[in-house]
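No value in this document is a laboratory result; all are computed from the given coordinates. The model shown is predicted, which means the values in this text are computed figures rather than measured ones. Methodologically, a virtual Cβ is constructed for each residue, glycine included, from the backbone with ideal geometry; neighbour enumeration extends over all protein chains shown.
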């Protein structure tokens, strides 16, 4: 791999990984805020509204971070991957433009009304705006997943004589089966992130003995949504996405599982280190037959190992792919356990008294971010060495005239800028948390922080 | 079909120029028209509900360019790599400034973000002009369909120019003044009191600077790219854009004097629409002109996507843009009237 290409990849990987820390919370939180607002309307309990307003302020901060870190990504298709844009622009340009026209404009037009217009709109009107925002952010997610799904499993195209891909069937492209599974899996993961964040704050307030009845609402909504989403992310969505991988990207599956030798009754590695040089898994703990079952539904199925796949079609970083995948799956399993235990205590009415469980919930919130990041790295590393699977290699996709020096320079710029942005974000979130959910009066204090409007000269 | 998509992309970019243009103009003048904290909060409250929506037009237009003319998108974005990365940083800093300023009471904090907002806005206004200047002047495209342009070379618009030369800098300065005038008129329309009074003063100053700069840009363009003007004369329909621009600039002075603030603001909007429209009507069918060999230029015909994709996209684009117009009418209606910084409905405390 040339130095130029490596830096193009590092730049995109860094900006996209950092960006997705924010939308994963935005999308899940939008849904949970709708749930809170529906509960408030149903029960007439004002505390649900106060909790919803608190999370709307966090949502606003998080949304802004998603917007500013998202703009570079659309630019980077052209700036860093111009040959890929030449080849695939006619197709992936469709979904990117669809996202702009249908999702971004919707979101931008309703965000201000959502954050600052509750009094003017009334409870029902404000709920409608919250739903519009939720739909906008979930729609945006779909268009991006459909774009990625074309790179993972291209459908609905024809290949021109000059090597350029043309759109042949719009609906086949937009309703790519890969995209449907990936979307279900990804959005469930986004709800997990939001649930863990919400229950972590409920746990914090409970442990501190602050805002306890609001904390209970956060715990209840967070734990119930957390348990549901942790289960669904594994089955059926994770299972479905895994079977797509087995059918369409056998090399990615083999590398992610650390499977070198093909065979029936393929074993699932719980732990172990891939040794690419010697082509084996070092120090493994395995469960026989399970991988065959997970991939194809019967224990006797044959799963292809890396040894039966030409070296030139192996993912170019088998180790990182293996670890990413195992971190995702391992953490996903732990999420189910944590949320099941919390849900049991919640059902018995003892969650808020169980300090040990509250400590676990409070400290658990970073792990969904890690699992989601590892999941995306699994998808993207598994796709290698292809930019568009089996059609177009990553090595051919960069901008040939943009040299590594330029990319290193701008990558360092992004690292510095994003570091500062991250600190600013954490500062504001901590400030909101210390302000708490009990709104000053009925009206939400605008996301501005600082004293309420009337106190400012 | 390519002609329709050429018009759609140019139309969306023109709408972006008009909408985000007043945000940039407001930012450029921020420190001049607003002095106390309350005045500055008034300025933020005036653009607060709309700036994000205005900026989205850039992203939407970029996406539409990507799908309809992928080769133009690929060449332009990679060719202007360094300049675009700087634009991205400015856009990020400006957005962060707007969102952060009101979150602390510390006066130094607010002063810092006020200045960041002003400087980033002014630079973006200038850069938007130089971008148009680069498109008009042309770029060193070769047979690969790609190019790479440094930030500057010898400041002459030759066959191997930089992003900045005397011509693009002139267009940038003109754009900076025009958008400042456009933003000032927005403030005159949306605010009352001292901000409005100073806005009026700065609107007059900016538009008086626009007139000689416009003349200079027009003469320089006629010298550098006479074909744009021959094309315009050959295409009588394109004179509508020229009339829109002329009528716009006349309207600005006419309505500003009579205190018809909304009409003055709409006039400056039509001036900008007319200018972008006339320029691109004269350029058509060329998207990116090659300074090395005209045969290597990227045009609407040699860089367009196949017609199936364009036809499908035309269907959903029509639906999407109708929805977008509905949302925007709702947004601007719900924030109609003068800004009241003591009222609710904005986040700038």
Over the Cα atoms of segment A:304-411, what is the Rg over Rh ratio if Rh follows Kirkwood? 1.20
Cut-off 20 Å (backbone N to label point 7 Å along Cα→Cβ of residue A:43), residues of segment A:316-346: A:342-346
Between residue A:299 and residue A:390, take the C-beta separation as r, use R0 = 30 Å, and let me know the FRET efficiency to the nearest 0.05. 0.55
Once you have the Cα-Cα distance between residue B:340 and residue B:301, take 0.36 nm times their residue separation minus that, and quote the gain in nm to one decimal. 9.0 nm
Over all directions, how big on average is the projection of the convex hull of the alpha-carbon atoms in segment A:249-363, in square nanometres? 9.0
Taking N as the number of residues in segment B:126-196, the ratio of its alpha carbon radius of gyration to 2.2 N^0.38 Å works out to 1.51
Taking 0.36 nm per residue of separation and subtracting the Cα-Cα distance, what length does fully extending residue B:38 through residue B:106 add? 23.1 nm
FRET efficiency, residue B:233 to residue B:142 (Cβ-Cβ, R0 35 Å, nearest 0.05): 0.65
What is the percent of Cα-Cα separations in chain B that go past 32 Å? 30
Using eta = 0.890 mPa s and T = 25 °C, Stokes-Einstein with Kirkwood Rh from Cα pairs puts D for chain A, in µm² s⁻¹, at 104
In whole Å and largest first, what semi-axes does the C-alpha gyration tensor of the protein assembly as shown yield when each eigenvalue is scaled by 5 and square-rooted? 45, 37, 21
With only alpha-carbon pairs counted, each pair once and no self-pairs, how large is the Kirkwood hydrodynamic radius of segment A:120-237 in angstroms? 17.1
Kirkwood hydrodynamic radius for segment A:364-446: how many Å is it when counted over pairs of different Cα atoms? 17.4
Based on the Cα coordinates of segment A:97-140, what is the per residue volume of their convex hull in Å³? 46
Restricted to Cα positions, what overall size does segment A:55-179 have along the principal axes? Three whole-Å values, descending. 60, 29, 19
Before anything else, pin down the relative contact order of segment B:65-141: Cα pairs under 8 Å, at least 6 apart, normalised by residue count, whole percent. 25
Along the principal axes of its C-alpha atoms, what lengths does segment B:67-184 span, in descending order and rounded to whole Å? 57, 29, 26
Per the helix-only calculation at 222 nm, which mean residue ellipticity applies to chain B, given -39500 (n - 2.57) for every DSSP H run of n ≥ 4 and division by its residues, nearest 500 deg cm²/dmol? -25500 deg cm²/dmol
Suppose the Debye formula is applied to equal point scatterers at every Cα of segment A:1-121; what is log10 I(q)/I(0) at q = 0.10 Å⁻¹? -0.44
At 37 °C in a medium of viscosity 0.692 mPa s, segment B:216-269 has a Stokes-Einstein diffusion coefficient, with Rh taken as the Kirkwood radius over alpha carbon pairs, in µm² per second, of 262
Averaging over all projection directions, find the projected area of the Cα convex hull of segment A:47-105 and quote it in nm² with one decimal place. 5.1
No solvent, one uniform scatterer per C-alpha: report log10 I(q)/I(0) for segment B:246-317 via the Debye equation at q = 0.25 1/Å, two decimals. -1.00
Rounded to the nearest 500 deg cm²/dmol, what is the calculated helix-only ellipticity per residue at 222 nm for chain A, with -39500 (n - 2.57) per DSSP H run of length n ≥ 4? -23000 deg cm²/dmol
Restricting to Cα pairs under 8 Å and 6 or more apart, the percent relative contact order of chain A works out to 21
In 10 Å bins starting at zero, report the fraction of Cα pairs in segment A:175-270 per bin as a rounded %. 16, 31, 24, 17, 10, 2
Taking R0 as 51 Å, what FRET efficiency do you get between residue B:3 and residue A:312 from their Cβ-Cβ distance, rounded to the nearest 0.05? 0.70
Taking the convex hull of the alpha-carbon atoms of segment B:52-109 and averaging its shadow over every direction gives an area in square nanometres of 5.0
